[in-house]
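The values are calculated or read from the model by the stated rules, or taken from the named source; none is laboratory data. What you see is a predicted model, and the numbers here were worked out from it, not measured in a lab. Here the Cβ positions follow ideal geometry from the backbone for every residue, glycine too, while neighbour counts run over all protein chains shown. Accessible surface is based on the protein model in full, side chains and every heavy atom, while ligands, DNA and RNA are left aside. Shrake-Rupley method; radii C 1.70, N 1.55, O 1.52, S 1.80 Å.
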Amino acid sequence: MDYTVIKVENISKQYRLGNVGTGSLSHDLNRTWHKMRGKEDPYLKIGEANDRAVKGTSDYVWALQDINFEVKQGEVLGIIGRNGAGKSTLLKILSRTTTPTTGQIKIKGRVASLLEVGTGFHPELTGRENIFLNGAILGMNKAEIKSKFDEIVDFAGVERYIDTPVKRYSSGMYVRLAFGVAAHLEPEILIVDEVLAVGDAEFQKKALGKMKDVSGKDGRTVLFVSHNMASIENLCNTGILLSDGKINSIGKSKEIIKKYLDVNTVQSNNLKDNKNRKGNQQIKFTKVSLIDDDTGLEISELQCGMNCRIRLHFVKQETDLKNAIIGIGINNQYDQRVAFMSNELISKSIDITDSLEDYIDFTILKLPLTIGFYNLTLFCSVNANISDWIQNGFQFHIISGDFYKTGKNAPDNNGSVLLDYQIHTS
């Protein structure tokens, strides 16, 4: 029967910007004076949400605020959110590498964590010595560690360097061995941050497979933070979405990923004042929106394999414009053209005869682009005269997705195109 192994109750974490520790001497003395009189810390009453994009008025920020959740034995929990949402801070508190400002956590079982490259390793010790050191920290005896030693080394693929000090390891070797140690020394709870991104594609696949085995076959609990939505969807049965240090929602991983895409809304690029354009401005692009075709909501990122729309907003000088050609060029981060769409290519005529302000949607079914940043070039002509032409006028990001619906991540070939194909044998 499943039971609760992690219980987080009203966790909050406050930091003072620009200072190490609690802050200035006067603040420390003030805190101590309040504590001696049995009163609340005066600085807990101040502070702002941790929105990194906004200049605040307080020196204090809440990296986390009022976090509550439970994790059952054998559950794989994915934690997602944009950069600065508080994911890593939460994992550090759960790993007990930092303490919460308020609240408490209850954990049942041994915890192994991999929060950053080299976590728990002593750089002067060899790989072999670090394996035994980490095992001892987890409470294992020498015989138990020895029984797992060969399996760890084989998984990490660092046998040739096992007696070399880890300070001479590459970041990839470091994380391979660190993950091998964390996953094989039988902790009841495994906590993994985004560090797997350091490894190559082969290692990431092995690591994800091992985490599945750890939870599925061994019944251990895994907490996993990643920006790779396909990995979260395929590995995790439950998800938590963090926004500005607070829990936005908890639920099934697929629903949480959808929520993440929906709530990550941004103001569309304002193209009205863009100077890098050509044309007579009979039709003038004003902004671009990315739309989730399933929900109709505007989003900030697209996911590989999703149905989406690229919406071009424009104004025009006249209400009756015929034979318009509108096109979108998509370039990858290396400025290579990977896709192009226009109404002319599909023989669809566009006569713009309504109001002076309008938009047009380009609907893409099963988005075939892989992870990366892309730029849009926008083009419009009316009666063979260029009306508006903006090169690289809008940038957007595509995150990983299960394009082929096979449970496998789409390859992370930045800027490439996936083909929806079939294979037939004789």
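Every listed requirement among (1) crowded, with 21+ Cβ neighbours inside 10 Å; (2) modelled with pLDDT under 85; (3) outside any loop (DSSP other than H, G, I, E, B) is met by PHE394 save one, (2).
Can you spot a residue in the range 397-407 that is open to solvent by less than 70 Å² (accessible area, probe 1.4 Å) and closer than 16 Å to VAL338 by Cα?
Just the residues of the range 397-407 that are open to solvent by less than 70 Å² (accessible area, probe 1.4 Å), to begin with: 397-403, 407.
Filter once more, so that each one left must be closer than 16 Å to VAL338 by Cα: 397-398.
Within the range 397-407, one or more residues are open to solvent by less than 70 Å² (accessible area, probe 1.4 Å) and closer than 16 Å to VAL338 by Cα.
Within the range 408-426, can one find any residue that is crowded, with 19+ Cβ neighbours inside 10 Å and of a type in the set (D, E, K, R)? Checking the range 408-426: not a single residue is crowded, with 19+ Cβ neighbours inside 10 Å and of a type in the set (D, E, K, R).
Being surrounded by fewer than 16 Cβ atoms within 10 Å (Cβ to Cβ), under 22 Å from PHE224 (Cβ atoms) and not hydrophobic (A, V, I, L, M, F, W, C) narrows it down to one residue among GLY120, GLY86, GLY172; which is it? If you could, list the steps in order and put the result at the bottom.
On the way: GLY120 fails: surrounded by fewer than 16 Cβ atoms within 10 Å (Cβ to Cβ); GLY86 fails: surrounded by fewer than 16 Cβ atoms within 10 Å (Cβ to Cβ).
It is GLY172.
Hey, could you check the range 190-223 for residues that are buried (at least 18 other Cβ atoms within 10 Å of the Cβ) and small (Gly, Ala, Ser) and say which is modelled with the lowest pLDDT? That would be GLY199. Does at least one position in the range 345-360 carry a residue that is farther than 30 Å from HIS227 by Cβ, assigned to a loop (DSSP other than H, G, I, E, B), over 33 Å from the mean Cα position of the chain (by Cα) and at pLDDT 90 or above? Checking the range 345-360: at least one residue is farther than 30 Å from HIS227 by Cβ, assigned to a loop (DSSP other than H, G, I, E, B), over 33 Å from the mean Cα position of the chain (by Cα) and at pLDDT 90 or above.
Does ILE423 satisfy the criteria of being hydrophobic (A, V, I, L, M, F, W, C), touching a strand residue (DSSP E or B) at 6+ places or on another chain (Cβ under 9 Å) and without any contact (Cβ under 8 Å) to a residue 60 or more places away in the chain? Judged against the criteria, ILE423 is not a match. Taken over the range 123-161, residues that are among the polar types (S, T, N, Q) and more than 19 Å from ILE189 (Cα to Cα) amount to 3.
Among the candidates ALA112, ALA63, ALA156, the residue that is in contact with a Pro (Cβ under 7 Å, 6 or more places away or on another chain) and either hydroxyl-bearing (Ser, Thr, Tyr) or surrounded by 21 or more Cβ atoms within 10 Å (Cβ to Cβ) (or both) is uniquely ALA112.
Among (1) part of a strand (DSSP E or B); (2) at pLDDT below 90; (3) more than 14 Å from ASP193 (Cα to Cα), where does SER113 come up short? Exception for SER113: condition (3). Within the range 92-107, residues that are closer than 17 Å to ARG16 by Cβ and in a strand (DSSP E or B) reach partners that are among the polar types (S, T, N, Q) and open to solvent by 50 Å² or more (accessible area, probe 1.4 Å) with beta carbons closer than 9 Å, at six or more positions or on different chains, in the pairs THR102/ASN10.
Filter the range 224-258 down to the residues that are part of a strand (DSSP E or B) and under 14 Å from the mean Cα position of the chain (by Cα), then identify the one that is surrounded by the fewest Cβ atoms within 10 Å (Cβ to Cβ). Here the residue is SER243. When VAL166 is tested against (1) closer than 18 Å to HIS184 by Cβ; (2) surrounded by fewer than 18 Cβ atoms within 10 Å (Cβ to Cβ), exactly one condition is not met: (2).
Taken over the range 369-380, the criterion of being open to solvent by 10 Å² or more (accessible area, probe 1.4 Å) and free of Cβ contacts under 8 Å to residues at least 60 places away in the same chain is satisfied by PHE373, ASN375, THR377, PHE379. Quick check on ILE399: is it under 30 Å from LYS272 (Cα atoms), in contact with a strand residue (DSSP E or B) (Cβ under 6 Å, 6 or more places away or on another chain) and modelled with pLDDT of 85 or more? Criteria met by ILE399.
Scanning the range 316-344 for residues that are more than 21 Å from ASN392 (Cβ to Cβ), open to solvent by 40 Å² or more (accessible area, probe 1.4 Å) and part of a strand (DSSP E or B) returns LYS322, ASN323.
Selection of first residues in the range 127-155 that are on the phi > 0 side of the Ramachandran plot and of a type in the set (Gly, Ala, Ser) and of second residues that are open to solvent by 20 Å² or more (accessible area, probe 1.4 Å) and assigned to a loop (DSSP other than H, G, I, E, B), restricted to Cβ pairs under 9 Å at least 6 apart or on distinct chains, gives the following pairs, ordered by first then second residue: GLY139/ARG110. Residues in the range 175-184: is at least one surrounded by fewer than 20 Cβ atoms within 10 Å (Cβ to Cβ), touching a residue at least 24 places away in the same chain (Cβ under 8 Å) and either assigned to a loop (DSSP other than H, G, I, E, B) or under 27 Å from the mean Cα position of the chain (by Cα) (or both)? Checked the range 175-184: no residue is surrounded by fewer than 20 Cβ atoms within 10 Å (Cβ to Cβ), touching a residue at least 24 places away in the same chain (Cβ under 8 Å) and either assigned to a loop (DSSP other than H, G, I, E, B) or under 27 Å from the mean Cα position of the chain (by Cα) (or both).
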